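So the structure is just underneath, and the comments pick up after that.
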Amino acid sequence: MHKKLWPLSEFKRLPSYVVGDGGGHALYVLDATIKFDFAVAEDDDDDDDDDDDDDDDTPTAAPAPAPSAAPVSNPTAAPAPAPTGGATSPPTTTPHPPADLVLASPKELENTMLLWWTHEDADTFLIWFPVDGGSFVLDTPPGGEDFARDFDGRFYHVLRDEGLPCGAAVRARVSAVLGGGLVSEPAASRAVTAACVPEPSAAPSAPPTPAPSHSHAPSPAPTPAPTVAPTPAPTLSPTPRPTGAPTTSPTPRPTAAPTPAPTPAPTLSPTAGGAVQLCDGPSPSMAVNMVVESGTLNFGAARDGDACLMRSADDHFSGVYSSADAFADGFVSAAVLSEGSVRRDYGLVLRVQAWDGDIRFNPRDGYRCKVKTGGDGAANSVVTAEALEAGRRSTLATSLAFVLDVDVWYAVKASAVGETIACEVRDAAGNLLGETTATDARYAAGHWGTWNYLDDSGAHYWKDLFVKETPSSGAGAAKPPARRLRGAE
């Protein structure tokens, strides 16, 4: 809508002019001081259609009393309400609860449990836990306990209760505490069974059963392959087919596994007394009855063109290959090679009183000639004569230092005659590297064999094993101790 004033020519003819119902406007024309009251009239003309039809040029009801002090750079859309004089009431939302809450019960800690969790903002927490579904018990001060954030971003807490029984079901709850006394909803862990270590039994377990528990009756039909262990009694009828190869000689009793085929041709010389073949595992038919008493030993291993080696391969227990029978005086010798590193010790055991299963390092009671290895190619290896008592060792004598190299064969020998214990180490050419001799009267007889420590730095290979008893001198020679099998009382 267009609005315009009356033409100026009209004002020149009249001293004053009132236009419509308007008023309150002053207009000065041609330097005169004549005051005019005028009103606007609507223009029905359609000229100048580019103007905005929504503009409203109606004046305000009254002029502003005074100009503003200075123009603002950007006026606000609406006037701001007056600010509050103080803080409003606390926020209506509570802090978020802890996250990643885990409760663990390692059996090594017995009645102690470990709790951990994460939280972005808080470092003060409340912790509760019940036992077997009971009411929750606060394990922190009522106002919470301050915790230090660990390097992994977690918070850790130890739950310990002397009365916590093995097998009890335990849960934990954790709430975060922020400033102003705000407490989050609790986060709950899953129920965890307390894995306490039970007390050892007052008496040993019952002895093994005297006979196999399975039936002695033969199977209704022949098995397609030989069984791993011999049958407890002869079968009612012959086996359906012969074995793959004949045995060298009749065995005195069934073997744990089929015997190997005979050698393709006779050897050039008879086997030396006390020689222990390592092509196959222990068997009662061997000239020297041997037993794997500890660790993991593989027979028939191949290396350097020899396919009848014994290889120790156990990262957790020492390897021991011992005579099943005990005797007083004699010797044990073998060639040994450390593969990859000479870091782990090895040697020979003499007059061991008994074996009770796998060992980590020391036999319980007996003697040992130990090659205490140093560094590869360094002159810091020695051979020691040791007495072992209740699993603890005492060094009786030590040789001068010598050099050991990796992946090289060395010959070790241990002997005992009366109260004299002798140990020696030679290279492959027979040159003496180290020797030592000691005197001790603790053990007069026992079991003899090989020993090596863990194979975690490289396997130990053995060959040319001899276990030989020699006649004891004197009428008062000690009687060998009775053999104690694994698990026996």
Those residues of the stretch 337-367 that are assigned to a loop (DSSP other than H, G, I, E, B), closer than 15 Å to S294 by Cβ and either touching a His at 6+ places or on another chain (Cβ under 7 Å) or hydrophobic (A, V, I, L, M, F, W, C) (or both) come to a total of 4
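Does E185 qualify as being modelled with pLDDT under 80, assigned to a loop (DSSP other than H, G, I, E, B), over 26 Å from the mean Cα position of the chain (by Cα) and under 26 Å from G144 (Cα atoms)?
On the way: modelled with pLDDT under 80: no; assigned to a loop (DSSP other than H, G, I, E, B): yes; over 26 Å from the mean Cα position of the chain (by Cα): yes; under 26 Å from G144 (Cα atoms): yes.
When the stated conditions are applied, E185 does not pass them.
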Here are some conditions: (1) at negative phi; (2) open to solvent by less than 50 Å² (accessible area, probe 1.4 Å); (3) within 36 Å of the chain's Cα centre (by Cα). G357 meets all but one. Which one does it not meet? (1)
Would you pick out the residues in the stretch 280-305 that are within 22 Å of A354 (Cβ to Cβ), assigned to a loop (DSSP other than H, G, I, E, B) and among the aliphatic types (A, V, I, L, M)? M286, V288
The condition of being open to solvent by 70 Å² or more (accessible area, probe 1.4 Å), within 22 Å of G273 (Cα to Cα) and not polar (S, T, N, Q) holds, among V467, V417, V412, only for V417
D325 - would you say it is over 18 Å from D455 (Cα atoms) and surrounded by 15 or more Cβ atoms within 10 Å (Cβ to Cβ)? yes
Could you grab the pairs with beta carbons closer than 8 Å, sequence gap of 6+ or different chains, first residue in the stretch 363-385 and farther than 21 Å from A334 by Cα and touching a residue at least 40 places away in the same chain (Cβ under 8 Å), second one open to solvent by 10 Å² or more (accessible area, probe 1.4 Å) and in a strand (DSSP E or B)? D365/E389
Residue in the stretch 328-336 that is modelled with pLDDT under 95, outside any strand (DSSP E or B) and either more than 36 Å from the chain's Cα centre (by Cα) or not hydroxyl-bearing (S, T, Y) (or both) present: no
In the stretch 360-372, residue nearest to D407 (Cα to Cα) [restricted to those that are modelled with pLDDT under 95 and open to solvent by less than 40 Å² (accessible area, probe 1.4 Å)]: N362
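The values are calculated or read from the model by the stated rules, or taken from the named source; none is laboratory data. Fair warning: this is a prediction, and the values are worked out from it, not measured in the lab. Neighbour counts are summed over all protein chains in view; Cβ atoms, including those assigned to glycine, are modelled from backbone coordinates with ideal geometry. Please note that ligands, DNA and RNA were not included when accessible areas were found on the heavy atoms of the full protein model with its side chains. Shrake-Rupley method; radii C 1.70, N 1.55, O 1.52, S 1.80 Å.
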